[in-house]
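Participant: Just dropping this structure here.
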Amino acid sequence: MNESHPLKSAVEKVVGAVTDHDAVQAAEIPGVPNSLPPQLEEPTEPREPLPPKPDQTGPETVSPTGQPTGASQDQMAQGGEYLTTAQGVRLRDTDHSLKAGPRGPVLLQDHHLREKVMHFDHERIPERVVHARGAAAHGVFQAYGTASNITKAAFLAEGVRTQVFVRFSTVLGSRGSADTVRDTRGFATKFYTAEGVFDLVGNNIPVFFIQDGIKFPDVIHAGKPHPDREIPQAQSAHDTFWDFVSLHTEATFHTMWNMSDRGIPRSFRMMEGFGVHTFRLVNAAGETTLAKWHWKPKLGVHSLTWEEAQIAGGVDPDFHRRDLADAIEAGAHPQWELGIQVFPDTPEQMFEGIDLLDPTKIVPEELAPVHPVGLMTLNANPSNFFAETEQVAFHVGHLVPGIDITDDPLLAARLFSYLDTQITRLGGPNFAQIPINRPHAPVNDMLRDGFHQTAVHRGVAPYRPNSLDGGCPFQAGAEQGAYVEVPLEVAGRKVREAPATFSDHYSQPRLFWLSLSPVEREHLISAYTFELGKCYEQAVKERQLRVLANIDPVLCREVADGLGLPAPEPTVPLADPAPSPALSQVGREWPLDGRIIGIVADETSDLGVVGAVRQAVLDGGMTPLVIAPKGGMLGGTLAVQRTFATARSVEFDAVLLAGAPAPGDDAYGARDAKAGDGGTPVDPRVLLLVGEAYRHAKAVGGWGTAAQALQAAGIPAQAPGVVTGQDGEGVLRDVLALLPLHRVWDRFRVHPDVA
């Protein structure tokens, strides 16, 4: 990832000088399917498989028992120039079954047909019950060494570089659902450390719906589609979800995070991650500290508006996974700092009155700052989705020396559930031998056989103690790096109860509400109103309003008004916490790396200026996408990435107009419904594009005759975040000056009571 991307002088020196961008632009704009462009005719000359694209890699080449093989990753992929069976026998035909004559019956002896169809019949494995839809990337984590005084974990020692594989996901939807639904996101990181695998399996929300893992099936059954109709898919806007959380008020804080803008991230690259639970860290001296994990994106936290999420879900259901892969391919490698909040390991495991074992509570960063301990950079895309993203198996019990668990009752259930899930989903107990799951440390576990055993074990004595195998494997002591649990005293009655400190379900949701900016509060009100408005049962709506009344009267009143219901009075005294500015996404500035700039142009535009602006965007570490009436080359010099028919504003962080394009040849309703009846001097799809960008508070700029297009779209020339002029270079500079804030927040009007 480039450390800085200053806007270079290209916009000054390239004015009027248009170069041949044909081959160059193909490499600069991400999304090319393969490492070499295809030829027009079907290739007939045998050749080896194409190499992967430069942005792609695969699992490290270690053996099933964690030994470095020194093998090239090419040896993990298919090889040879000829089609073969799974046993390596070359085939002369894979288009025709073996038949008794051209029109005769298919013969049972067709072993190739049976192998091909058999494998196809079984190429899908059961998807995850939750987190089924995901995207992933390879990367590296480099430790700062700042955690060495509180944990002996070797991967956190100063300067240590550890390979990682990260999977982002939604929770409720199936693999076929859309990326941009309102939902919690998974943020799971597999560290291939020298001491074994460490999995940090968290979410983009720091709290959870439940306090005890025994209720996990209940909350997921409530959130999943109704079992009678299998609808709605990938959303919580239905009766069973709100029935559960309104009756189960410990879910209130997580629900509130989900109804906030955090529930619809702009990008995985702009999403925080949290370990949710409190963990126990152990240093070399055996001293312990309690800690919470945080991932902080270097690009800042940013979200979609609800309308953007709906548009993206329709026009590009793969919005988030495409964004992640394209950014990595373009060289805008996303980065996160790993940080920890630390607390004294006291017998009561409390901090400032907050129970650290309660996974529905946070500790505000103002009370316990997040200390950075390392930097993660995602720098390569998977080569094969199924082999890597789909088969990766995470487990909160994959721990290394220096990191231990606490008695969080949700964490206890996860320690069982994650391991148990893989046995069915990945076909048996040997899922750790799948290449993406293999540790990068030697494995000698005495576990044997089972489905999909790919290691070839030696010796005759997989038990301890033994003498027949020379006593190997031997047990290690702490001085040899063995994992040793912290020896804590445990005493108590066997009960099915929760601690009294778990009973406060409203003070932290109120803290969250008070910490949000007015715009974010408006979005929260809108989300609650929409979701409850999709419920059929009046009792469910009224019950949830009682919950909101215990958080804030304005929130409750505005949602009730939207539902056409009276606002109830609170049933508990309202808490009076100090706001936590860290909970708001608004108000800070962030780098421009990887931002996507749409440039609208046609044949009448000054293509010299368009080319210069495009190059300046590239030089700034961002991605320019030229939007024109039709595909191909604009003016024979500029490659077109989007057309008026395919572009929607949700894809862009800012939109630039190089003039006021006249309606294209396909700008009529039967060909493109977005064009409507036409009749406008500017292409109506351009007006829709720029109008949406304006409505979603994005920066909009234009030069030349662009002011005519803005006027036709009903956009005031003096509105916040609207930049016009005759100088394309100057317009670009002014637009880029607006982007660090993510949006032009002043453009949103808020209700006086919410402000």
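The values are calculated or read from the model by the stated rules, or taken from the named source; none is laboratory data. Keep in mind the model is a prediction, meaning the values are calculated, not measured. Here Cβ is always computed from backbone atoms with ideal geometry, including for glycine, and neighbour counts include all displayed protein chains. Note: areas computed on protein heavy atoms with side chains; ligands, DNA, RNA excluded. Shrake-Rupley method; radii C 1.70, N 1.55, O 1.52, S 1.80 Å.
Participant: Can you tell me which residues in the range 546-556 are free of Cβ contacts under 8 Å to residues at least 60 places away in the same chain and either on the phi > 0 side of the Ramachandran plot or outside any loop (DSSP other than H, G, I, E, B) (or both)?
Facilitator: Leu548, Ala549, Pro553, Leu555, Cys556
Residues checked against (1) of a type in the set (Asp, Glu); (2) farther than 27 Å from Phe165 by Cα; (3) surrounded by fewer than 20 Cβ atoms within 10 Å (Cβ to Cβ):
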position	(1), (2), (3)
Pro317	no, no, yes
Ile328	no, no, no
Gly331	no, no, yes
Glu337	yes, no, yes
Ala368	no, yes, yes
Pro382	no, no, no
Val396	no, no, no
Gly402	no, no, no
Ile405	no, no, yes
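Here's the yes/no breakdown for (1) of a type outside the set (S, T, N, Q); (2) under 30 Å from Pro33 (Cβ atoms); (3) in contact (Cβ under 8 Å) with a residue 24 or more places away in the chain:
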| position | (1), (2), (3) |
| --- | --- |
| Ala380 | yes, yes, yes |
| Gln391 | no, yes, yes |
| His398 | yes, no, yes |
| Ile405 | yes, no, yes |
| Ala412 | yes, no, yes |
| Gly428 | yes, no, yes |
| Pro439 | yes, no, yes |
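Participant: What pairs come out if I take residues in the range 113-125 that are modelled with pLDDT of 85 or more and pair them with residues that are assigned to a helix (DSSP H, G or I) whose C-beta lies under 7 Å away, six or more apart or interchain?
Facilitator: Within 7 Å, the pairs are Ile125/Arg425.
Participant: Go through (1) farther than 21 Å from Phe385 by Cα; (2) open to solvent by 70 Å² or more (accessible area, probe 1.4 Å); (3) among the aliphatic types (A, V, I, L, M) one by one and return the number of the condition Met76 breaks.
Facilitator: Of (1) farther than 21 Å from Phe385 by Cα; (2) open to solvent by 70 Å² or more (accessible area, probe 1.4 Å); (3) among the aliphatic types (A, V, I, L, M), only one is false for Met76: (1).
Participant: A follow-up question, please. Here is a list: Gly669, Gly664, Gly679, Gly691. Which entry is assigned to a helix (DSSP H, G or I), of a type outside the set (D, E, K, R) and open to solvent by 10 Å² or more (accessible area, probe 1.4 Å)?
Facilitator: Gly691
Participant: Any idea which of Ala147, Ala143, Ala137 is surrounded by fewer than 23 Cβ atoms within 10 Å (Cβ to Cβ) and not polar (S, T, N, Q)?
Facilitator: Among Ala147, Ala143, Ala137, only Ala143 is surrounded by fewer than 23 Cβ atoms within 10 Å (Cβ to Cβ) and not polar (S, T, N, Q).
For (1) in a loop (DSSP other than H, G, I, E, B); (2) without any contact (Cβ under 8 Å) to a residue 40 or more places away in the chain; (3) on the phi < 0 side of the Ramachandran plot, each residue gets a yes or a no:
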| position | (1), (2), (3) |
| --- | --- |
| Val559 | no, yes, yes |
| Leu565 | yes, yes, yes |
| Ala582 | no, no, yes |
| Gly587 | yes, no, no |
| Trp590 | yes, no, yes |
| Gly598 | no, no, yes |
| Thr604 | yes, no, yes |
| Val617 | no, no, yes |
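Participant: If you don't mind, another one. Restricting to the range 587-602, name every residue that is more than 30 Å from Pro661 (Cβ to Cβ) and crowded, with 17+ Cβ neighbours inside 10 Å.
Facilitator: Passing the criteria: Trp590, Pro591.
Participant: Same structure, new question: Give me a count of the residues in the range 694-714 that are farther than 18 Å from Asp602 by Cβ, part of a loop (DSSP other than H, G, I, E, B) and touching a residue at least 40 places away in the same chain (Cβ under 8 Å).
Facilitator: 3
Participant: Moving to a separate point now. Give the range 715-755 a look and list any residue that's open to solvent by 70 Å² or more (accessible area, probe 1.4 Å) and in a helix (DSSP H, G or I), or say none.
Facilitator: Within the range 715-755, Arg733, Asp734, Ala737, Asp746 meet the criteria.
Participant: Being free of Cβ contacts under 8 Å to residues at least 24 places away in the same chain and not in a strand (DSSP E or B), is that true of even one residue in the range 132-144?
Facilitator: No, the range 132-144 contains no residue that is free of Cβ contacts under 8 Å to residues at least 24 places away in the same chain and not in a strand (DSSP E or B).
Participant: Go through Thr61, Thr94 for me and flag whichever is modelled with pLDDT under 90, hydroxyl-bearing (Ser, Thr, Tyr) and either open to solvent by less than 70 Å² (accessible area, probe 1.4 Å) or in contact with a His (Cβ under 6 Å, 6 or more places away or on another chain) (or both).
Facilitator: The conditions single out Thr94.
Participant: Limited to the range 339-366, what total is found for residues that are surrounded by fewer than 22 Cβ atoms within 10 Å (Cβ to Cβ), assigned to a strand (DSSP E or B), in contact (Cβ under 8 Å) with a residue 24 or more places away in the chain and among the β-branched types (Val, Ile, Thr)?
Facilitator: 1
Participant: If we keep just the residues of the range 603-634 that are open to solvent by less than 10 Å² (accessible area, probe 1.4 Å) and β-branched (Val, Ile, Thr), which is nearest to Thr646 (Cα to Cα)?
Facilitator: Selected residue: Ile627.
Participant: For residues in the range 521-545 being part of a helix (DSSP H, G or I), over 22 Å from Pro265 (Cβ atoms) and of a type outside the set (S, T, N, Q), which is most open to solvent (accessible area, probe 1.4 Å)?
Facilitator: Glu542
Participant: A further question follows. Among the listed residues Pro37, Pro33, identify the single one that is under 34 Å from the mean Cα position of the chain (by Cα), closer than 30 Å to Thr162 by Cα, at pLDDT below 90 and loosely packed, with under 10 Cβ neighbours inside 10 Å.
Facilitator: Among Pro37, Pro33, only Pro33 is under 34 Å from the mean Cα position of the chain (by Cα), closer than 30 Å to Thr162 by Cα, at pLDDT below 90 and loosely packed, with under 10 Cβ neighbours inside 10 Å.
Participant: Taking the stated definitions as given, is Gln475 in a loop (DSSP other than H, G, I, E, B), in contact with a helix residue (DSSP H, G or I) (Cβ under 8 Å, 6 or more places away or on another chain) and surrounded by fewer than 18 Cβ atoms within 10 Å (Cβ to Cβ)?
Facilitator: Taking the combined requirement at face value, the residue does not satisfy it.
Participant: Still on this structure, please answer the following. Considering the range 481-520 alone, what residues qualify as being open to solvent by less than 30 Å² (accessible area, probe 1.4 Å) and in contact with a helix residue (DSSP H, G or I) (Cβ under 8 Å, 6 or more places away or on another chain)?
Facilitator: Listed by number, the residues that qualify are Phe502, Gln508, Pro509, Leu511, Phe512, Trp513, Ser515, Leu516, Ser517, Val519, Glu520.
Participant: Output the number of the condition that Ser236 fails; it satisfies all remaining conditions of (1) buried (at least 22 other Cβ atoms within 10 Å of the Cβ); (2) among the hydroxyl-bearing types (Ser, Thr, Tyr); (3) more than 20 Å from the chain's Cα centre (by Cα).
Facilitator: The single condition Ser236 does not satisfy is (3).
Participant: Quick one: is Gly428 in a loop (DSSP other than H, G, I, E, B), at pLDDT below 95, closer than 25 Å to Val130 by Cβ and open to solvent by 10 Å² or more (accessible area, probe 1.4 Å)?
Facilitator: Answer is no for this residue.
Participant: May I ask you to list the residues in the range 115-134 that are loosely packed, with under 13 Cβ neighbours inside 10 Å and not acidic (Asp, Glu)?
Facilitator: Across the range 115-134, the qualifying residues are Val117, Met118, His119, Phe120, His122, Arg124, Pro126.
Participant: I want to confirm something. Restricting to the range 281-310 and keeping residues that are of a type in the set (D, E, K, R) and open to solvent by 10 Å² or more (accessible area, probe 1.4 Å), which single residue is farthest from Gly691 (Cα to Cα)?
Facilitator: Among them, the one singled out is Glu287.
Participant: Given the condition at pLDDT below 95, among the β-branched types (Val, Ile, Thr) and open to solvent by 20 Å² or more (accessible area, probe 1.4 Å), answer yes or no: does some residue in the range 212-224 qualify?
Facilitator: Yes, some residue in the range 212-224 is at pLDDT below 95, among the β-branched types (Val, Ile, Thr) and open to solvent by 20 Å² or more (accessible area, probe 1.4 Å).
Participant: Within the range 560-578, can you find the residues that are open to solvent by 40 Å² or more (accessible area, probe 1.4 Å), in contact with a Pro (Cβ under 9 Å, 6 or more places away or on another chain) and not acidic (Asp, Glu)?
Facilitator: Ala567, Pro570, Leu574, Ala578
Participant: Please work out which one of (1) over 24 Å from Ala147 (Cβ atoms); (2) open to solvent by 50 Å² or more (accessible area, probe 1.4 Å); (3) not polar (S, T, N, Q) is the condition Ala413 fails and give its number.
Facilitator: Unmet condition: (2).
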